[in-house]
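Report on one structure; see the data block that follows.
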Amino acid sequence: MTRAFRMGVALVVTSLLASGCYGPFNLTRQLHHWNGQAGDKYVNELVFVAFAILPVYGVTIVGDAVLFNSIEFWTGHNPVLLSLRSTAAQRASLVHPAHEAPPNALE
């Protein structure tokens, strides 16, 4: 097999496996949201540039595209979103007793 043929087969297989897996990119959104709350606009910009240079954003995008969005496509559940919900539930239970949980704690 030639290298070009193997590369073509790999591209076709990847496109078939990843078709329809666009997904919400929750991990990247979490990182971007956290970066937006890191400080004032100068700190946010410094953190953004550092994360772009150190490829933190690149790693989260690849992780979302290849792993988490594919998991969501095949199972219907995104593990990043589930961890967000459990964290929100834990925070709500710390602030409010179980019998007084706010109605929209998991929304």
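A straight chain from His77 to Val56 at 0.36 nm per residue would run longer than the Cα-Cα distance by 5.2 nm. The residues Arg6, Arg29, when put in order of fewest to most other Cβ atoms within 10 Å, stand as Arg6, Arg29. Annotation for Gln30 and Val66: the two label points, set 7 Å from Cα along the Cα-Cβ direction, are 1.9 nm apart.
Values quoted throughout were computed directly from the atomic coordinates according to the rules given, and no laboratory measurement underlies them. All of these numbers come straight from a predicted model, not from anything done at the bench. So basically every Cβ, Gly included, is an ideal-geometry build from the backbone, and we count neighbours across all protein chains shown.
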